[in-house]
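These notes concern the structure reproduced below.
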Amino acid sequence: MKQITYLIICLWAGCALMSCNSNAPEKLDKEDFTLVKIPGKYSIQIPKYMKRSIGLNQYASLQYQNTTKGMYVIVIDEDTTAKKILSKAMELSGGSVLSYYRKQKMEQLGKDLKISKKHKGKLIKINGLEAATVNIDASTKEIETDVAYFFTFIEGKKSLYMLMGWTMASQRKKYQGTFSQVAKSFQEL
């Protein structure tokens, strides 16, 4: 009887520890990623557990998902004409192409998203390219539960890029590092 009680207590404790740790940050090594190349544009490392998709965004040149984990990643690249137009406009106004692009995209997204929390973004360099991050929690008309969005805007030599990853807001801490690893692996070809 004592052995059964001990076994039940151990099982209960194990389950309690697993549920407490289920939202612990995911830790992936280099071998947990696969290199994906978009010919003539860019390459990026995507977790091996994510699969190619085609229905996430009609404008995305890259779309990957894992519906079991509730993780999604897309990349939208603006053609060189758009970059030239933005560059000329910013040259006249004295601003940064990257900051204007980020602002423009966030304003567009703000029309469709109800932002509940904006996390501190930052300016970074990714493989020698200027980049800016923006992280928000938001809901939509279709999904009333908050979703954590991870945006990285990159000013390439050829194009402008918006990397977007998302998961449920309750999973933000778990996958934030993974989304950051994906973004930092971006390389314009």
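The values are calculated or read from the model by the stated rules, or taken from the named source; none is laboratory data. Remember, it's a predicted structure, so these values are computed and weren't measured experimentally. Positions of Cβ are backbone-derived with ideal geometry, glycine not excepted, and every protein chain shown enters the neighbour counts. Just so you know, the surface numbers come from the protein's heavy atoms only, side chains and all, with ligands and any DNA or RNA stripped out. Shrake-Rupley method; radii C 1.70, N 1.55, O 1.52, S 1.80 Å.
For this structure, a couple of remarks:
- Qualifying residue in segment 152-162 (condition: at pLDDT 95 or above, charged (D, E, K, R), within 23 Å of Pro39 (Cα to Cα) and assigned to a strand (DSSP E or B)): no
- Tabulated pairs, segment 111-126, first within 20 Å of Val97 (Cα to Cα) and modelled with pLDDT under 90, second part of a strand (DSSP E or B) and open to solvent by less than 100 Å² (accessible area, probe 1.4 Å), C-beta under 6 angstrom, 6+ apart or interchain: Gly121/Thr133; Gly121/Val134
- For segment 47-74, a residue qualifies if it is more than 19 Å from Asn135 (Cβ to Cβ) and of a type in the set (Val, Ile, Thr), and the qualifying residues are Ile54, Thr67, Thr68.
- Of all residues in segment 23-57, those satisfying the criterion of being under 16 Å from Gln176 (Cα atoms), touching a residue at least 12 places away in the same chain (Cβ under 8 Å) and open to solvent by 70 Å² or more (accessible area, probe 1.4 Å) are Pro25, Lys27.
- In the condition set (1) touching a Ser or Thr at 6+ places or on another chain (Cβ under 9 Å); (2) open to solvent by less than 80 Å² (accessible area, probe 1.4 Å), Gln171 is compliant with all but (1).
- Residues being within 23 Å of Lys122 (Cβ to Cβ) and modelled with pLDDT under 85 - total across segment 58-86: 2
- When residues of segment 145-159 are limited to those that are more than 17 Å from Ala132 (Cβ to Cβ) and among the charged types (D, E, K, R), the one surrounded by the most Cβ atoms within 10 Å (Cβ to Cβ): Asp146
Condition check ((1) of a type in the set (Phe, Trp, Tyr); (2) buried (at least 18 other Cβ atoms within 10 Å of the Cβ)) across all residues:
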| site | (1), (2) |
| --- | --- |
| Ile115 | no, no |
| Gly121 | no, no |
| Ile126 | no, yes |
| Ser139 | no, no |
| Tyr161 | yes, yes |
| Tyr175 | yes, yes |
